[in-house]
There are 2 protein chains.
Amino acid sequence: MKVIVIGGGIMGMSIALELRRAGELEVTVLERSIPGAEASSAAAGMLAPQFEASAPGPMMDLCLLSRMAWPKWAAELQERSGVDVGYLPCGGLQVAFTEDEVHALDAKIAWQTAVGLRAELLTGAELNAREPRLNPKALAAADFPDDHQVDPRKLMRALAVAASRAGVSFRSGTVRSLVEKDGTVTGVDLEGERLEADLVVLAAGAWSGLVAGAQVDPARVKPVRGQMMELQLRAPLFSRLLKSANGYVVPRADGAVLVGSTMEMVGFDKNVTAEGLSRLLAAALQLVPELASASLTSTWAGLRPWTDDQLPFLGEGPRPGLLLATGHFRNGILLAPITARLLGQVVRREKPSVDLRPFRYRRNP
Amino acid sequence: MKVIVIGGGIMGMSIALELRRAGELEVTVLERSIPGAEASSAAAGMLAPQFEASAPGPMMDLCLLSRMAWPKWAAELQERSGVDVGYLPCGGLQVAFTEDEVHALDAKIAWQTAVGLRAELLTGAELNAREPRLNPKALAAADFPDDHQVDPRKLMRALAVAASRAGVSFRSGTVRSLVEKDGTVTGVDLEGERLEADLVVLAAGAWSGLVAGAQVDPARVKPVRGQMMELQLRAPLFSRLLKSANGYVVPRADGAVLVGSTMEMVGFDKNVTAEGLSRLLAAALQLVPELASASLTSTWAGLRPWTDDQLPFLGEGPRPGLLLATGHFRNGILLAPITARLLGQVVRREKPSVDLRPFRYRRNP
C-alpha cells in the first residue's frame, strides 16, 4: 500500500516514521521546503499539557496520553537517528503576579489534582527555594513537576534522519492539488507530476486549508502567528519552564532561553514586530529580571494551525482516501507521539486507541 | 611623503581621501576587517548637533562647522564614488513627554537661538501638523529644522570607492605596534611586516588605546556600547528625526526606521541584550505608537570611542610622528568632514582652520 504524506513538519514526519515501522507500507513525504521549515522548528518545545489546559476534556486527555508516550518515543527516536532530541524532564512553574492569578491557579490545581495529576501551589520561601532567580514579586506559582521540554529543531533533525533510515521517501515541491477518481482521493499533483497513493495524509499545518481538492475549509484551519525570541545566558539561571499571564521562558541546558509567544491572527505574515518583541521582552524580564543582561541571539515567528474549537483534525478527512493530521495549534510538538500512533492505527484499519469522534473533521457540519 | 592611517572607519577613510585630494601624498589605510566594519556602520547617521549638544562650547562649534560642511562633502563624495550616501535634509524634533522635559527644551532653545541657530518650541496642533504620527501624549517638541541624516553604511561604501579611486592603498591586518626611531614614530608593525611612514594617523576609534607604542592611555578612550535596532514599515509614517529622553528614531526614505541607542560601559562586548532591546522598543513605541506593527529586520551594537570630557582627540598625538583622530563618541559621522579637513591641514603643516587646543591629547596632563 502506498501512502503520501503532505507536509514535512512534526506531524507529517512522525506519521511517516510510524507508518514505516512495520516496513510494509510505501511512504512518501511531500514538503515544499525542508523538514521542519515552518511552525515545527519555530516552537519552543514545551511538553506541558498542565500549563496549557484550561479545563478537562478530550483535548486534555489526548495531551496527557501523548506526554506519557514522550519519554519512550524520544528514546526510540534518539536510538534510530543517533540525534539527541533534547528531551529534558525539567518541570514547570506557572507564576502568578496578581491575586486574581493566584485564584485562577488555585482553581486549576483543584481540577488537575482531582483527575490525579501532580500540581501544587508554592508561595514565598518554597517558591524561592525551587527557583531563586524567579522575580521575588511573584505571589505564587503552580508547580507542575511533570511538564517537560524537548528541542524542536533537534527533534526535526532526528525525525529526518530516522525517517530516511526507515525507508521513507522524500519529494520536494508544492502540491498543486489532490488527484481523485469517482470522488475518492487517489494521489497528488506535485508541480504537474501525478503521484499515486492508496491514502493521502494531509499534515500541512496552517496551510492545510490551501490544498486544492482536499475540501478542507480554510476558515477551519487558520494561521496564528507566534513570535519568538532566543536569549543566551553565560550559564543557566533557572531550570524549569516558567510561564506567566504574559508569556513563558524555556531554559535549555546550554544557557539558551526561548521566550514566547504572541497569538496573532495576521494571515500568513511571519514578521517579527516591534510590539511582539516588546511583549516577549516584558514577559521574560518580569519572570526572571536577571535576563536583562542576556544576549539576544535570534528572533522568529511561526504560524500555528488554529481551529475554532481548538481541537485538532485527526483521522478521516472530508473525502474518501484522505486522512487529516492538522490543527494542533499550540500543541503540535506535544501531540506528535499520540498523533503518529493514531494515524498509524487508522491507516492500518485498526481500532484507534483513542475515541476520534471529537477530532473528526465533520464534527461541525 | 608617506602617511599610514590606522583604522578604516569613518575617520580613517575620510582622512585618507582628504590626504589624496591634492595627489601628492602616499596614503595607506590599515584595517583589521573591512572599511566600516565597526562603529561607523553601527551608527544611525544623525547629523544632529542641536539634538546632541547640552551646552555651547568648542565641541558644539566643531559639530556646527561640520554640519555646515556636510551638504557639499556628501555631494562631492557621491560624485567621486557614484554611490548615493543617503544625505537627507529631514530636520528633527526633540520631544518632551513631561513638564520637566518641556522646561529643559525651553532652556536649550534659548541658548541655541541666542547663538543664531534655528530652533522653535512646538505644541499641540503645530506639533500634530508637523508629524501627525507622533504620539499625541507628547507635550511639546523642539523643532530643529537643520539637523539632518545620512546613511552610514552607504557612506562607508562611498568612501571605500572614492578612496580607492583617489589612489589610497589598503592593507588588511592587525597592527602589532608602532615602530619608532629615537622616540619618533616612523612606521607600523603590521602582523610582523614593517611599514615605513613619515606620519602615522591613529583613527582606531574605541580601540585606539590598544595600539602598542602609541602611548594613548586606554583609560582615556573607552568603548561605550550602543545597541541598535532596525524596523521596517510598509511605507514611511514620519519624516523627521525624533528623539525623546529615552531614545531616538531615524526614518529612512524607504520606510526603514533605525532605533537607538543605549550607552553602556561594558568593555568590548558587542552583544545585544534583552534589557537594551527592551529600552529601544519602549522608546520607539513611545515616540510613534504605530511602529508597533513594524517588522524587526535587524539588531546590532557598536562601540563608540568615549573620552572623559567628551571631546575628540584631534591632531598632535602623544608622540612625535603620530597624529590622532579618535574619541568622537556619538558624533563620528557628523564630524567626518571637519575632522578630515583639520587632519589634512595638520599633515600639510598648514594652520588649522579651527583652534585645536581643546582637542589636544595633552589637554589633561
Cleavage-rule hits, trypsin sites (Lys or Arg not before Pro), the range B:1-85, DSSP coil, Cβ neighbours within 10 Å at most 13: B:21
Shape of the range B:176-222, Cα gyration tensor, a/c cut at 1.5: prolate
Between helix B:58-81 and chain B: long-axis angle, C-alpha atoms, 0 to 90°, nearest 10: 80
Buried accessible area, chains A and B (both chains, 1.4 Å probe, Å² to nearest 100): 1400
Two-decimal log10 I(q)/I(0) for chain A, as the Debye equation yields it once each C-alpha is a single scatterer, q = 0.11 Å⁻¹: -0.73
Convex hull volume of the range A:113-258 per residue (C-alpha atoms, cubic angstrom): 209
The range B:92-145 - Debye-derived log10 I(q)/I(0), Cα point model, q = 0.13, 0.30, 0.32 Å⁻¹: -0.28, -1.19, -1.28
Helix-only CD estimate at 222 nm, as mean residue ellipticity for chain B, using -39500 (n - 2.57) per DSSP H run (n ≥ 4): -9000 deg cm²/dmol
Between helix B:274-287 and chain B: long-axis angle, C-alpha atoms, 0 to 90°, nearest 10: 50
Spatial separation of Cα centroids for the range A:160-174 and the range B:258-298, in angstrom: 42
Descending semi-axes in Å of the range A:10-168, equivalent ellipsoid built from Cα gyration tensor: 36, 16, 13
Where trypsin sites (Lys or Arg not before Pro) fall in DSSP loop in the range B:200-267, at most 15 other Cβ within 10 Å: B:234
Separation of alpha-carbon centers, the range B:315-365 and the range B:43-111, rounded to whole Å: 20
Solvent accessible area, Å² - residue A:103, 1.4 Å probe, full protein context: 110
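May I ask you to derive the FRET efficiency for residue B:176 and residue A:268 from their Cβ-Cβ distance with R0 = 35 Å, giving the value to the nearest 0.05? Intermediate values should be presented prior to the final figure.
Details: r = 54 Å, r/R0 = 1.54.
Computed FRET efficiency for residue B:176 and residue A:268: 0.05.
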Radius of gyration and Dmax over the Cα atoms of the protein assembly as shown, both given in Å: 31.2, 98
Share of Cα-Cα pairs in the range B:179-327 lying beyond 21 Å, as whole percent: 56
Accessible area in the full protein assembly, largest first, 1.4 Å probe, for B:248, B:87: B:87, B:248
Separation in nanometres of the label points that stand 7 Å from Cα toward Cβ, at residue A:198 and residue B:348: 8.8
Principal axis dimensions, the range A:222-306 - Cα atoms, whole angstrom, descending: 38, 23, 21
Between helix B:336-347 and chain B: long-axis angle, C-alpha atoms, 0 to 90°, nearest 10: 20
Where B:34, A:15 fall by accessible area, highest first, once all protein chains stay in place (1.4 Å): B:34, A:15
Averaged over B:264-276, number of beta-carbon atoms from partner chains that fall within 10 Å: 4
Sparse-neighbourhood loop sites, GluC sites (Glu not before Pro) in the range A:5-93 - DSSP loop, at most 16 other Cβ within 10 angstrom: A:24
Sequence of B:355, B:100 when ordered by accessible area, the most exposed leading, probe 1.4 angstrom: B:100, B:355
Heavy atoms of residue A:113 accessible to a 1.4 Å probe, total area in Å² rounded to 10: 60
Relative contact order (%) - the range A:1-115, alpha-carbon pairs under 8 angstrom, separation at least six: 20
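The values are calculated or read from the model by the stated rules, or taken from the named source; none is laboratory data. Small disclaimer: the values here were computed from a predicted structure and weren't measured. Counting neighbours? That spans all protein chains shown, and the Cβs are built from the backbone with ideal geometry, glycine included. With ligands, DNA and RNA removed, areas are computed over all heavy atoms of the protein, side chains included. Shrake-Rupley method; radii C 1.70, N 1.55, O 1.52, S 1.80 Å.
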